[in-house]
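The values are calculated or read from the model by the stated rules, or taken from the named source; none is laboratory data. Since the structure is predicted, the reported quantities are computational estimates derived from the model, not experimental observations. Note that we place each Cβ from the backbone using ideal geometry, even for glycine, and neighbour counts take in every protein chain shown. The protein model used for the area step is the full one, side chains on, heavy atoms only, and it has no ligands, DNA or RNA in it. Shrake-Rupley method; radii C 1.70, N 1.55, O 1.52, S 1.80 Å.
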Amino acid sequence: MGAVTHIDLVETPAGDARITWHGPEDAPLVLALGHGAGGGIEARDLQAVAAALPPLGLRVALVEQPWRVAGKKVAPAPRTLDAGWRGVWPALAAAGVPVVAGGRSAGARVACRTAKELGAVAVLALSFPLHPPGKPEKSRADELLGAGVPTLVVQGGNDPFGRPGEFPEGDYQLVEVPFGDHGFAVPKRASLTQDAALGIITEGVGRWARALRE
């Protein structure tokens, strides 16, 4: 887990959100990551990125949506998630440096839907939920393709919400985590260890984020 520099509570139209900051305050780039609908910022991929990017000179902001801060167990409607994200954005951009919008699962959808509007320089989509499990006809590809900024998708090879081969062609990059499910967990019988799977995520995100600075 990366070292926490400080924590901010931010008032939004959807209630109070919380930002947990990792990395140097004078970093040239901020990567803001929201969580999914079924969990919080303790997710293994969010924590791995928060630990790996600060040593590269980048700052990571893990954002907890108001419903999660309030202790509720069920995420609200997408429009409420978007309102919470919009409300926290000024605090994310306060340092005056470029901000990458991102998140895992539902958080990735929020980032895609609001990126261009909020002025994000790019989007990081971890475990983008391309469709509900078993329902490929209910595609959310339009959200991903409509982000309007450089986008990196990191997807588990066995994600029931959309395997890498199901993603449409588009103007984005995709990193596959072999054997990974929606939470990037890999089976014990897999030829890839859990640590190695997280390494694929952090290496891919780190390389992409460094390129954004150039």
Among (1) more than 29 Å from G170 (Cα to Cα); (2) among the hydrophobic types (A, V, I, L, M, F, W, C); (3) out of contact with any strand residue (DSSP E or B) (no Cβ under 7 Å at 6 or more places or on another chain), which single condition is I19 missing?
(3)
Hits in the range 171-195 (condition: open to solvent by 40 Å² or more (accessible area, probe 1.4 Å) and either modelled with pLDDT under 95 or hydrophobic (A, V, I, L, M, F, W, C) (or both)):
D171, L174, F179, K188, R189, S191
Regarding Q47, is this residue of a type in the set (S, T, N, Q), out of contact with any Leu (no Cβ under 7 Å at 6 or more places or on another chain) and either without any contact (Cβ under 8 Å) to a residue 40 or more places away in the chain or open to solvent by 10 Å² or more (accessible area, probe 1.4 Å) (or both)?
yes
Filter result for L9 (out of contact with any Ser or Thr (no Cβ under 7 Å at 6 or more places or on another chain) and either assigned to a helix (DSSP H, G or I) or under 21 Å from E143 (Cβ atoms) (or both)):
no
Filter the range 154-165 for residues that are closer than 9 Å to E176 by Cβ and either touching a Cys at 6+ places or on another chain (Cβ under 6 Å) or buried (at least 20 other Cβ atoms within 10 Å of the Cβ) (or both) and give the result.
V154, Q155, G156
Condition met for A147 (in a loop (DSSP other than H, G, I, E, B), within 18 Å of the chain's Cα centre (by Cα) and buried (at least 20 other Cβ atoms within 10 Å of the Cβ)):
yes
Inside the range 52-68, can you point out the residues that are touching a residue at least 24 places away in the same chain (Cβ under 8 Å), farther than 15 Å from R104 by Cβ and open to solvent by 40 Å² or more (accessible area, probe 1.4 Å)?
L56
Give the range 1-14 a look and list any residue that's small (G, A, S) and surrounded by fewer than 19 Cβ atoms within 10 Å (Cβ to Cβ), or say none.
A3
